[in-house]
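Asker: Handing you a structure now.
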Amino acid sequence: MFDDENESETPPEHAADPATQAREKSDEFRMHAELVAVFEGHRKYDAQFLRLDPDLARDIQRTIGKLEKLKLTDIAVIAPESAADAARLLDFPATHELSTGDYHIHRRPGEVMIVRLLQGEEVETFYTRLQAHFDAALNQYREEERQSKEWKQDPATLAYLKALEALEINMPDRYLREIIRRQNVFVLSTQSADEMDILHLCDFVMGVDPVEVLGPASAPPDQASERDRAWFFKLFSLRGMHEGQERMCFFAYLQKSDDAEW
């Protein structure tokens, strides 16, 4: 479902390699762990849904888009000449009185923008939750794969199970946390889905009625079809240090459209 735009494509001839298979599966869990860690705030910490000023929403969208285009080649680090724009976004809690931890939402028919800002201890909590969600998903999958496949005892299956067991991914390291803190750089990563199940995001991850996120005009009907539930989704994760404090800005763009691109 998700496409991580900071990952290079794996050549087809290596698709059957056990280590590659295990890594690709772990990437699925990593991206879903990020999704949950970003959007579980209402369900876990009573985060509020607040109206985001339309002009401010467009400013954030334009700035994020600019930063995405100016990342250093093949990595998520933002080019030095764009550092001021990144710092400006991370300082929005002070300059625009936007609360941290909450979801600031701008809605239009068939389109939603969501901004969530974190700083200080909230960032620490995010990374703790990110690791916990990833570990839980990977460990459950390992057990399921052992129970369903280990009996085969063929070399390829055993190699794959061994590769799964060998996976050890430190999520803060994967998200360049120490590099951000030590070298004082800004990082922007993205993930997207052409057809996100909006009910999965709202009901399961956020624990909220879709109307609260999408608005009454765009929320799926009670007997929603697959098409009703399918939304284009793109999540931007901006991370960096500002005024000696670790900060994050998550910007999600959702659109109910057959060919949603921006």
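Asker: Which residue, ASP154, ASP27, ASP102, tops the fluctuation ranking in a GNM of the chain built on C-alpha contacts under 10 Å?
Answerer: Judging by the Gaussian network model, the answer is ASP154.
Asker: Here is a follow-up. Please report, in cubic angstrom per residue, the volume enclosed by the convex hull of the alpha-carbon atoms of the range 156-262.
Answerer: Dividing the Cα hull volume of the range 156-262 by its residue count gives 190 Å³.
Asker: In nanometres, what is the gap between the two model label sites at GLU150 and SER225, each 7 Å from Cα along Cα-to-Cβ?
Answerer: 4.5
Asker: Additional query: Roughly how many debye, to the nearest 20, is the charge dipole of the chain about its Cα centre, given +1 on each Lys and Arg Cβ, -1 on each Asp and Glu Cβ, and no other charges? Kindly include the intermediate steps, with their values, before the conclusion.
Answerer: Details: 31 positive and 51 negative charges, 99 e Å.
Here the chain has a charge dipole of around 480 debye.
Asker: In addition: What nm value, rounded to one decimal, do you get for the distance between ALA19 and TYR45 when each label is placed 7 Å out toward the C-beta?
Answerer: 3.7
Asker: Right, next: Calculate the length of the line joining the C-alpha centroid of the range 88-103 to that of the range 121-147, in whole Å.
Answerer: 28
Asker: While we're on this one: Subtracting the Cα-Cα distance from 0.36 nm times the residue separation, let me have the gained length for ILE75 to LEU158 in nm, one decimal. Can you show the working numbers first?
Answerer: Working: separation 83, 0.36 × 83 = 29.88 nm, distance 3.36 nm.
Gain in length upon complete extension: 26.5 nm.
Asker: Starting at 0 and stepping by 5 Å, how many percent of the alpha carbon pairs of the chain end up in each bin?
Answerer: P(r) for the chain, in whole percents per bin: 1, 6, 12, 16, 17, 17, 13, 9, 5, 3, 1, 0, 0.
Asker: Taking neighbour counts of Cβ atoms within 10 Å as a proxy for exposure, in what order, fewest first, do LYS66, LYS25 appear?
Answerer: Working: LYS66 12, LYS25 19.
Listing LYS66, LYS25 from fewest to most nearby Cβ atoms yields LYS66, LYS25.
Asker: At a 10 Å Cβ-Cβ cut-off, how would you order HIS42, HIS104, fewest neighbours first? Could the numbers behind the result be given before it?
Answerer: Details: HIS42 20, HIS104 23.
Fewest-to-most ranking of HIS42, HIS104: HIS42, HIS104.
Asker: Restricting to the chain, compute how many DSSP beta bridges are antiparallel as a %, nearest 5. Mind dumping the intermediate values first?
Answerer: Values: 38 of 41 bridges.
Restricted to the chain, the bridges split so that about 95 percent are antiparallel.
Asker: Let me ask something additional. In the chain, with Lys and Arg counted as +1 and Asp and Glu as -1 at Cβ, which of these residues, ILE60, PRO155, GLY120, has the Cα nearest the positive end of the dipole, that is, farthest along it?
Answerer: Farthest along the dipole direction, towards plus: GLY120.
Asker: Which of these, ILE180, ILE75, ILE60, has the largest mean-square fluctuation under a Gaussian network model of the chain (Cα springs below 10 Å)?
Answerer: For the chain, modelled as a Gaussian network with Cα springs under 10 Å, the answer is ILE75.
Asker: Note down the relative contact order for the range 46-133 as a percent, whole number, built from C-alpha pairs under 8 angstrom at least six residues apart.
Answerer: On the way: 69 pairs, mean separation 26.3, N = 88.
RCO, the range 46-133: 30 percent.
Asker: I'd like the GluC sites (Glu not before Pro) in the range 182-262 restricted to DSSP loop residues with at most 13 other Cβ atoms within 10 Å, sorted by number. Mind showing how you got there, number by number?
Answerer: Values: sites: GLU195, GLU212, GLU226, GLU243, GLU246, GLU261; in loops: GLU243, GLU261.
Filter output for the range 182-262: GLU243, GLU261.
Asker: Check the chain and count each lysine pair with an alpha-carbon distance under 29 angstrom, considering only pairs eight or more places apart or from different chains.
Answerer: Within the chain, the lysine pair count is 19.
Asker: Can you tell me the relative contact order of the range 144-262? Whole percent, Cα pairs under 8 Å, sequence separation 6 or more. Before the final figure, lay out each step's value.
Answerer: Details: 125 pairs, mean separation 28.6, N = 119.
Answer for the range 144-262 is 24 percent.
Asker: Here is a further query. Dipole magnitude of the range 113-247 about its Cα centre, charges +1 at Lys/Arg Cβ and -1 at Asp/Glu Cβ only, in debye to the nearest 20?
Answerer: Values: 16 positive and 24 negative charges, 108 e Å.
Roughly 520 debye for the range 113-247.
Computed from the coordinates by the stated procedures, all read-outs in this text should not be read as laboratory data. Fair warning: this is a prediction, and the values are worked out from it, not measured in the lab. Positions of Cβ are generated from backbone atoms using ideal geometry, with glycine treated the same way; all protein chains shown enter the neighbour counts.
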